[in-house]
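Notes for the one structure printed next.
The values are calculated or read from the model by the stated rules, or taken from the named source; none is laboratory data. Remember, it's a predicted structure, so these values are computed and weren't measured experimentally. Backbone-built Cβ (ideal geometry, glycine too); neighbour counts: all protein chains shown. In case anyone asks, the SASA skips ligands and DNA or RNA and just uses the protein heavy atoms, side chains included. Shrake-Rupley method; radii C 1.70, N 1.55, O 1.52, S 1.80 Å.
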Amino acid sequence: MPGGVRTEIHLTGKNTGGAFCLLLDEPPAGWSLPAHIHKDAAETIHVLEGEFEMTVDGATERTGPGQTLHIPAGVIHAGGNVGAGPGRRLLVFSPAGMEEFFREAGAPSRVAVVDRGAALESALRHGWHFVD
């Protein structure tokens, strides 16, 4: 993924009857995403390793191993890995469908070049809206 994030898709909408998709990601230290909205999908993040700072609907909090954060659909959120090393998180998007963005925007390895313009176009097609 852009930013050197390793992402694995573990369950798709096909596996869950469209209810949700389940991913595992490993954002490197210093990685962050700007403020955005997933118009039609809620996102739940469970931290396995590392330390993250997330701003959800204007409230900022730090999360670490064992902590879970839920972001309802349509809510502005941003965040990043503020720890000294890579992190690991389980991500659930409900309903399913967001896994298609990760398939389109991803690359087969961390060293593969990701076309940022194509990744942005894919994000917009899959319901991401970036805000100032």
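Data overview
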quantity	calculated
One residue from 35, 29 being part of a loop (DSSP other than H, G, I, E, B), open to solvent by less than 60 Å² (accessible area, probe 1.4 Å) and touching a residue at least 40 places away in the same chain (Cβ under 8 Å)	29
Condition broken by residue 89, with the remaining ones in (1) more than 23 Å from residue 120 (Cβ to Cβ); (2) in contact (Cβ under 8 Å) with a residue 12 or more places away in the chain satisfied	(1)
Residue tally, condition in contact (Cβ under 8 Å) with a residue 40 or more places away in the chain, part of a strand (DSSP E or B) and under 18 Å from residue 119 (Cα atoms), over the range 3-25	5
Residue in the range 68-82 that is out of contact with any Ser or Thr (no Cβ under 9 Å at 6 or more places or on another chain) and more than 21 Å from residue 129 (Cβ to Cβ) present	no
Every pair of residues 6+ apart whose Cβ atoms lie under 8 Å, when the first sits in the range 100-122 and is within 23 Å of residue 11 (Cα to Cα) while the second is hydroxyl-bearing (Ser, Thr, Tyr) and not in a helix (DSSP H, G or I)	102/7; 106/7
Condition check for residue 36: over 16 Å from residue 6 (Cα atoms), of a type outside the set (Gly, Ala, Ser) and out of contact with any Gly (no Cβ under 9 Å at 6 or more places or on another chain)	yes
Residues located in the range 112-122, provided they are farther than 19 Å from residue 26 by Cβ and among the hydrophobic types (A, V, I, L, M, F, W, C)	118, 120
Count of the range 56-84 residues which are closer than 15 Å to residue 43 by Cβ, of a type in the set (S, T, N, Q) and outside any loop (DSSP other than H, G, I, E, B)	2
Residue match in the range 116-129 (condition: under 18 Å from residue 42 (Cβ atoms) and loosely packed, with under 15 Cβ neighbours inside 10 Å)	yes
Search result, residues across the range 86-111 that are surrounded by fewer than 16 Cβ atoms within 10 Å (Cβ to Cβ) and over 16 Å from residue 26 (Cα atoms)	104
Single match in 113, 47, 82 (criterion: modelled with pLDDT under 95 and of a type outside the set (Asp, Glu))	113
Scope the range 85-132; condition of a type in the set (A, V, I, L, M, F, W, C), part of a loop (DSSP other than H, G, I, E, B) and within 23 Å of residue 52 (Cα to Cα); matching residues	98, 131
